[in-house]
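Presented below is the structure to which this report refers.
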Amino acid sequence: DGEDYLTRYDLQSGKWLWSTPVGNQMFELRSITEFPEDNRVYIISDGELYIIERTTGNFPTENHENGSSYAGQKQMLPLKWVANTPAITADQQTLIYGSSNGDAVWFNPAIGYNTNRYHIGTTVRVQPTLASGVRNKSGLEREVVITSSSDGTVIALDLKQIAKLWSMKLTSPVETKIAYGTRSNILDDEDYSRTSVFIAGTD
């Protein structure tokens with residue numbers, strides 16, 4: 001909320017479970033993320049990642065469940081590359097966000113560091129999109145991160161290789177999240193899928 005309190009409610013009953021102050025009321029809180037098998041809530045702000053225990057709302061005070069050393073026991077982790085968008089998740093352990101200096105950044109909370117980054121253009125203001133699609137009729141899939149910068153550049157990056165697959169330059173910036181969809185068709189009596197990307201540009 002406006003006072004930087006994070007609040008959790010039961011989905012079915014709406015019952016209040018806990019509230020916790022996070023942030024410093026100076027950084028903007030960008031997104032709230034959970035990983036399915038992790039008792040942590042990750043809050044991305046402009047300059048730091050805040051970490052809360054999912055079940056209690058407390059800041060972590062103990063080691064990870066398996067007893068090993070774990071960066072997630074810290075209450076906050078500094079972001080070397082300032083977050084300028086909400087984060088998306090990949091591989092059940094990685095947050096991907098757009099930075100104010102024009103990079104797409106891969107950040108792993110378990111180790112407390114960014115693991116990869118790719119320069120897109122000028123400032124990234126729109127949340128990246130994680131898209132997937134079938135590459136060929138044998139069913140091989142590819143996962144792609146699609147992101148854009150304020151200079152109109154749109155880039156699709158292979159999620160695993162962090163390599164550019166394609167890019168395009170629009171005359172105006174994209175101001176909303178890029179979408180994708182897959183349509184199944186019949187070609188030569190064989191099933192195949194075509195995945196398309198939809199970009200709502202301001203040009």
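Subtracting the Cα-Cα distance of His119 and Glu143 from 0.36 nm times their residue separation leaves 6.8 nm of extension gain. Cross-link partners of Lys160 among lysines, defined as those whose alpha carbon lies under 27 angstrom from its own and excluding same-chain residues fewer than eight positions apart: Lys80, Lys137, Lys169, Lys177.
Calculated from the structure, mean projected area of the Cα convex hull in nm² equals which of (i) 12.2; (ii) 13.0; (iii) 14.3? Computing mean projected area of the Cα convex hull in nm² and matching it to (i) 12.2; (ii) 13.0; (iii) 14.3 gives (iii). Each Lys or Arg adds one and each Asp or Glu subtracts one; over the other residues with Cβ under 12 Å from the Cβ of Asn114, this totals +1.
How much FRET efficiency would the formula 1/(1 + (r/R0)^6) give for Asp203 and Ala110, where r is the Cβ-Cβ distance and R0 is 45 Å, rounded to 0.05? FRET efficiency, Asp203 to Ala110: 0.65. The magnitude of the dipole of the chain, with charges of +1 and -1 set on the Cβ of Lys/Arg and Asp/Glu and taken from the Cα centre, is near 380 debye. Take each peptide in 4-13, 155-164, count the other Cβ atoms within 10 Å of every residue, and average; sorted highest first, the result is 155-164, 4-13.
Working from label points 7 Å from Cα in the Cα-to-Cβ sense, the Thr56 to Lys15 distance is 2.0 nm. Take each peptide in 18-30, 120-132, count the other Cβ atoms within 10 Å of every residue, and average; sorted highest first, the result is 120-132, 18-30.
No value in this document is a laboratory result; all are computed from the given coordinates. It should be emphasised that the depicted structure is a prediction, and the values quoted were computed from it without experimental measurement. Neighbour counts run over all protein chains shown; Cβ positions are idealised from the backbone, glycine included.
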